[in-house]
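Structure first, commentary second.
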Amino acid sequence: MTGIEVLTVAQMGEADRLAVASGIASLSLMERAGSLVADALDANYPIASVVVLCGPGNNGGDGFCAAHHARQRGYDIRLASLGAVENLRGDAADMAKRWRGPVLPLTPEAIGGATLIIDALFGAGLSRPLEGPAAAVVEAVNRSGIPIFAVDVPSGMHGDLGRPLDGEDGLCIRARHTVTFFRKKPGHLLMPGRLLCGDITIGDIGIPESVLQTIRPQTFENGLALWGNGFPKLAPDTYKYRRGHAVVASGPLHATGAARLAARAALRIGAGLVSVASPLDAVGVNAAQLTAIMVKPFDGAKGLSALLADKRFNAVAIGPGCGVGVLTQDLVAAVLASGAAAVLDADALTSFADDPNTLFRQLREACVLTPHDGEFERLFPGVLKSAPSKLEAAREAARKAGCVVLLKGPDTVVASADGRAAINTNAPPWLATAGAGDVLTGMIAGLMAQGMAAFEAANAAAWLHGEAANRFGAGLIAEDIPEQLPAVLRAILR
């Protein structure tokens, strides 16, 4: 299953309900779920002594079913249950009746001798932190070092928020592999949930795709399927002017490198022409470093306005290396008044920390803000702390700003003012290097210069940025990222 839609816990419950309403028996959904867990076990651990930990609800029912299927495939299976089997209800009770082996009490001793543990204690619907015997067992399981397969989500993790229910560093199963069903949930993608889940398998349990037409999800996992149809495609008769002209505003003499990184990225991503708009004191150093990228001198905000009056300059990136203060505020105003698509990063954001609404009043749909956490807090004070998750914080920020907000990180979130949001998951840790964000800014501007819409351009750039970094590997510096783009682009354009 390859669907990019991401469903909240409530939406997944609605998907189950709609499937049953369409005539699919709920027991058959559970039957298929348990079988898929056994499939994943086969594919990853064909030889194992397995202990299945079952909870008191439907997640435990999945566990009983998985134990039944795994035993039929020849696995050495033991099963431990939280609470008495006779207290189970509904489909979970029916699945427990299929289990012909002993049911051990759920204690830390139950995992002794196991080489693999299946965690079917609690699913994504858990609403309170782990406690009592479940907490004791989860602590023992995590200490044991035994590989863990989680069913749906690791027990103790909030399916929407991607963190333990008792806080960021709270108690939760730390799985090596998670098997979930139909679609991922936000918690599978957001940090630290993605790490708690380990590798993720999505299984088809028979829920019809048509339920998505009713649910109408607004969250997606970023990837080619999200933006590929809008990615710039070259006709045989194209020429450079049709591919757009991106402009990157440079900082002063002592801070020009960031703009050049962004400009090279814009050119590599496919913009037909790229220029660095350079303050007069920096023209010499920029001209000495650039070849295919042009240098356009300007003097202050009025000079930048005059430069951008040429409507062939259809996308502008501003912020990296510009400096924080009133001058940058005025330059941003010139960019936004020009009508060009705009990407605002770094100093272009921090310069408005004292009065974010002044910036928000100037923004429009064809704008992208690209803050990291610190810059986000300056523009949207308190939103990260008060929002239930990074996903919802980015959504709230996009609504406030009236444009696309790309909140950077290992789980970059791109949110649009219309409520759409996507979570990016392919960024490797070596992207945490000076200048990588400047490259991303240039990539977004380069795609927007080619006519890509802001939400799609921001998502495409974030994903391609991660792919380029993965292709290079450890030792990456910012200058390496644009040089990996040709190979990445060739792969996606095949």
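The values are calculated or read from the model by the stated rules, or taken from the named source; none is laboratory data. Owing to the predicted nature of the structure, the values given are computational and were not obtained by experimental measurement. Here the Cβ is made from the backbone with ideal geometry for all residues, glycine too, and neighbour counts use every protein chain on show.
Numbers at a glance
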| read-out | value |
| --- | --- |
| Boolean, Val439 is in contact with a helix residue (DSSP H, G or I) (Cβ under 8 Å, 6 or more places away or on another chain) and crowded, with 24+ Cβ neighbours inside 10 Å | yes |
| Test: Ala80 is of a type outside the set (Lys, Arg), more than 21 Å from Ala134 (Cα to Cα) and at pLDDT 95 or above | no |
| Out of Gly60, Gly13, sole residue that is crowded, with 23+ Cβ neighbours inside 10 Å, assigned to a helix (DSSP H, G or I) and in contact (Cβ under 8 Å) with a residue 24 or more places away in the chain | Gly60 |
| Residue match in region 382-389 (condition: assigned to a loop (DSSP other than H, G, I, E, B) and not small (Gly, Ala, Ser)) | yes |
| Exclusive hit being under 20 Å from the mean Cα position of the chain (by Cα) and among the hydrophobic types (A, V, I, L, M, F, W, C), set Ala366, Ala346, Ala387 | Ala387 |
| Subset tally (residues that are assigned to a loop (DSSP other than H, G, I, E, B) and closer than 15 Å to Gly13 by Cα) for region 23-43 | 2 |
| Among (1) of a type outside the set (Asp, Glu); (2) within 30 Å of Leu391 (Cβ to Cβ); (3) at pLDDT 95 or above - the single one Met95 does not satisfy | (2) |
| Residue match in region 409-425 (condition: modelled with pLDDT of 95 or more, of a type outside the set (Asp, Glu), part of a helix (DSSP H, G or I) and within 26 Å of Ala334 (Cα to Cα)) | no |
| Matching option when the condition is at pLDDT 95 or above, surrounded by 14 or more Cβ atoms within 10 Å (Cβ to Cβ), assigned to a loop (DSSP other than H, G, I, E, B) and not hydroxyl-bearing (Ser, Thr, Tyr), among Pro129, Pro133 | Pro129 |
| Filter result (over 19 Å from Ala387 (Cβ atoms), assigned to a loop (DSSP other than H, G, I, E, B) and not basic (Lys, Arg)) within region 170-187 | Leu171, Cys172, Ile173, Ala175, Phe182 |
| From Ala366, Ala337, residue being surrounded by fewer than 20 Cβ atoms within 10 Å (Cβ to Cβ), closer than 17 Å to Ala398 by Cα and touching a residue at least 12 places away in the same chain (Cβ under 8 Å) | Ala366 |
| Failed condition for Leu195, given (1) in a loop (DSSP other than H, G, I, E, B); (2) aliphatic (A, V, I, L, M); (3) surrounded by fewer than 16 Cβ atoms within 10 Å (Cβ to Cβ) | (1) |
| Pairs, first in contact (Cβ under 8 Å) with a residue 12 or more places away in the chain in region 40-57, second surrounded by 17 or more Cβ atoms within 10 Å (Cβ to Cβ) and among the basic types (Lys, Arg), C-beta under 7 Å, six or more apart | Val51/Arg78 |
| Tally, over region 137-173, of residues that are basic (Lys, Arg) and closer than 25 Å to Thr219 by Cα | 1 |
